[in-house]
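Report on the structure given below.
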Amino acid sequence: MSSGQHGSGVASKRIRIGDVTASVRVPDVAHKVPWMYEPNLHPLLRQASQDDLQVLRWMAQKEALGQDVFLVGPPGPHRRRLAMWYAQVTGQEVEYCSISRDTTDSDLKQRREIVGGSAVYVDQTPVLAAMHGRLLILDGIEKAERNVLPTLNNLLENREMGLPDGRFLVAAERYDALLLDHTQEELDARQLVRVHEDFRVIALGLPVPAYPGFPLDPPLRSRFQARFVDTASISHQLHVMRELAPPQAQNHLRQMLSLSETVRAVVNETPTASSRVHLFPYLALESAARVLGTFPGQTTADDLLHRFYPYKLFGLESPYSDRVDMVIDQLGLRRDIAGGYTVTTRERLDTSRVRLTFTPQPAPTTTSTADPPRDVAGGDDSGPVAGADAASSTDATATTQSAPDFDGAVVSLDVPGGSLDFGLPDGCVLTPQHDVALGGMLQDHALGHDLALIGEKGCGKSMMARVFASTLGYASETIHMYKDMTARDLLQRRTTDSSGNTRWELTPLVEAALSGT
């Protein structure tokens, strides 16, 4: 390992990615360096592939050349995790800026706050990253209005930008040249601020068109070196599934993989907006493999698939719906595996852990469509997750083939839970179909997946959510969504305290995340 100087810290070692080496920094603010983003160290992250390492190698090349990068690809958290992973392995401090349609110039430069009865300017993430030599991650740039992102044009191209408080950011080489003829005090008096030479930008976005959003303006697009980050290769996905799922589940997962490739072909043939065929999420197969690895006695592969890829809710029209149904029938995804699971016992371990016992059930001979809404597990923090409504089927009943012999074993897992007493909401009576739906929800929760329940009005979605919370001893709080809701309404609200100072107030969603409710 070689040594070198880096800003205010010392790069004590270097990391090699292929034939490219990058400095590993010693951060000044350690908590701003991402942690646990290396795929093999986190159970919910996709295992690293050679394609991932090629992207990291490419990012190291661009950083060595002093260029900003733009990672574009299908929806999902993978692009963001790659950026965070690169920051982690190189020890770079990160300033993260999530772009939405409500983002304004003030969010990219400075925001005025009232402190002690006076209005002051507070630097925002792009300014902080430029001044301290951090890695700025702009996530979701296709969502920004056209007049917002050009604010950063000069900062990206020349490393210069004027600030509302009168200061002016100057590129490092120009500032150092000025120091040859002027003193530090003179430059401070002129309100010139040096942009750190290690300041870099990673932009993340979706390809537009094909996905909704605003395409980047040509002047802004020319500031970045772009790379398309695709889903993992078929061989890598098969390798991951072999490690996660038992041998008896491999055939079902290979069938799901075949379906995902068929869906990819349909999406590539026709625009998503016209066909309404959504790209098969690359994490769905790994999530399904984890479920089958832990709970091999699922009902059908189709039922499991619908929890991660609810194709029945897309409103597909012919010929797209016929094509998807034909592939599912040909692959045999609707054949029974076993009878599913129900939770038979609960045991509180402490104030935050509960032990659940899942007992396999005998395989059914008929299935009814009068089911409550099924859950859909969400494996990422990238956007809204669709749910499943079993009533979308047109047949009243369907006879299924008898399931193969399945040597079901009781599964006992320690899962996160609340501190309240177990029980059911007042007036709640669960039917056998509700028990099955609740068992699926608890399975996904045990594996760390978030949930979404979707169904027609009055079918019991809110009640099932309350039953899920009471089963695990969670306190629950309802947030009512509406069409004109903004991202800030969901995360933080702007308010003032009793002294008139402005502050940010956490919403119930953030409070629940912090308190574990």
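The values are calculated or read from the model by the stated rules, or taken from the named source; none is laboratory data. Quantities reported herein were computed from a predicted structural model and do not represent experimental measurements. Glycine also receives a Cβ, built like all others from the backbone with ideal geometry; neighbour counts cover every protein chain displayed. Remember, those area values only see protein heavy atoms, side chains included, never the ligands or the DNA or RNA. Shrake-Rupley method; radii C 1.70, N 1.55, O 1.52, S 1.80 Å.
Taking packing as the residue-averaged number of other Cβ atoms within 10 angstrom, the listed peptides 440-451, 215-226 run from highest to lowest as 440-451, 215-226.
How would 228, 199, 214 line up by accessible area, probe 1.4 Å, largest first?
228, 214, 199
Which FRET efficiency value, to the nearest 0.05, is calculated for residue 101 and residue 413 with the Förster distance at 51 angstrom and r the Cβ-Cβ distance? Rounded to the nearest 0.05, the efficiency is 0.80.
Let me check something: with ligands and nucleic acids excluded, how do 17, 234 order by accessible area (1.4 Å probe), largest to smallest?
234, 17
Per-peptide packing, taken as the mean over residues of other Cβ atoms within 10 Å, places 140-153, 163-176 in the sequence 140-153, 163-176 from highest down. Using Cβ point charges alone (K and R +1, D and E -1), the dipole size of the stretch 147-236 about the Cα centre works out to roughly 460 debye. The heavy atoms of residue 419 offer some 80 square angstrom of accessible surface to a 1.4 angstrom probe.
Any idea of residue 320's accessible area? Nearest 10 Å², probe 1.4 Å. Answer for residue 320: close to 50 Å² accessible.
Accessible surface ranking for 35, 85, 1.4 angstrom probe, highest first: 35, 85.
Just subtract the alpha-carbon distance of residue 429 and residue 357 from 0.36 nm times their residue separation and send over the number in nm, one decimal.
Value of the extension gain: 23.8 nm.
Computed over the stretch 84-177, the convex hull of the alpha-carbon atoms projects to a mean area of 7.6 nm². In the context of the full protein assembly, residue 114 retains an accessible surface of approximately 70 Å², using a probe radius of 1.4 Å and ignoring ligands and nucleic acids. Ranking 195, 259, 238 by Cα position along the charge dipole of the stretch 187-289, where only Lys, Arg, Asp and Glu carry charges on their C-beta atoms, puts 195 farthest toward the positive end.
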